[in-house]
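Coordinate-derived values only; no laboratory data. Quick caveat: nothing in here was measured; it's all calculated off a predicted structure. All Cβ positions, glycine included, derive from the backbone under ideal geometry; neighbour counts span all protein chains shown.
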Amino acid sequence: MRLIDADALEDKTDDKYSLGEIGRRERDDIVYALSYEPEIDAVPVLRCKNCEYWKHHSAVLDHDYCELTSTACEGNHFCSWGEKRNDETDH
């Protein structure tokens with residue numbers, strides 16, 4: 001399964017129709033098909049490496065660390081408690 005931006009695809013379809021690259025029926029078929037596809041309830045996640053509580057301790061420890069949960073974690077992990085760092089410096 002792939003998540004796509006259906007609104008962007010619909011806009012692109014409208015552009016192609018406006019430029020005469022596809023006909024009205026093709027445009028209508030695409031828009032119709034998109035309208036009946038299920039919507040995924042997805043939300044953006046905050047990865048640990050961008051979280052206020054994530055600390056990179058490669059020089060001190062052999063792993064990265066979450067100060068909120070007191071656990072070792074990789075930068076690509078995520079949780080529901082994270083808060084975005086204000087700066088992008090490597091902690």
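Using the alpha-carbon atoms, what tilt in degrees (0 to 90, nearest 10) does helix 24-35 show relative to the longest principal axis of the chain? Compared with the principal axis, the helix lies near 40 degrees.
Remark: CYS79, CYS73 ranked as CYS79, CYS73, counting other beta-carbon atoms within 10 Å and listing the fewest first. Globularity index of the chain is 1.76 (Cα radius of gyration / 2.2 N^0.38 Å, N = number of residues). For the chain, averaging the sequence separation of C-alpha pairs within contact (under 8 Å, six or more residues apart) and dividing by the residue count gives a relative contact order of 23 percent. Residues THR69, THR13 in ascending order of nearby Cβ atoms (within 10 Å, fewest first): THR69, THR13. The angle between the Cα long axis of helix 6-18 and the main principal axis of the chain comes to about 40°, on a 0 to 90 degree scale.
For segment 3-47, state what percent of all Cα-Cα pairs lands in each successive 10 Å bin, counting from 0 Å until the bin that includes the largest distance. Once binned at 10 Å, the Cα pair distances of segment 3-47 give 26, 43, 21, 9, 1. Of all lysines in the structure, the ones whose alpha carbon falls short of 23 Å from that of LYS84, not counting any fewer than 8 places away in one chain, are LYS49, LYS55. Length gained on full extension, ALA33 to ASP7: 8.1 nm, using 0.36 nm per residue less the C-alpha separation. In loop segments of segment 1-77 as defined by DSSP, the chymotrypsin sites (Phe, Trp or Tyr not before Pro) with at most 11 further C-beta atoms inside 10 Å of their C-beta are TYR36. Estimated from helical segments only, the mean residue ellipticity of the chain at 222 nm is -8500 deg cm²/dmol, where each DSSP H run of four or more residues counts as -39500 (n - 2.57).
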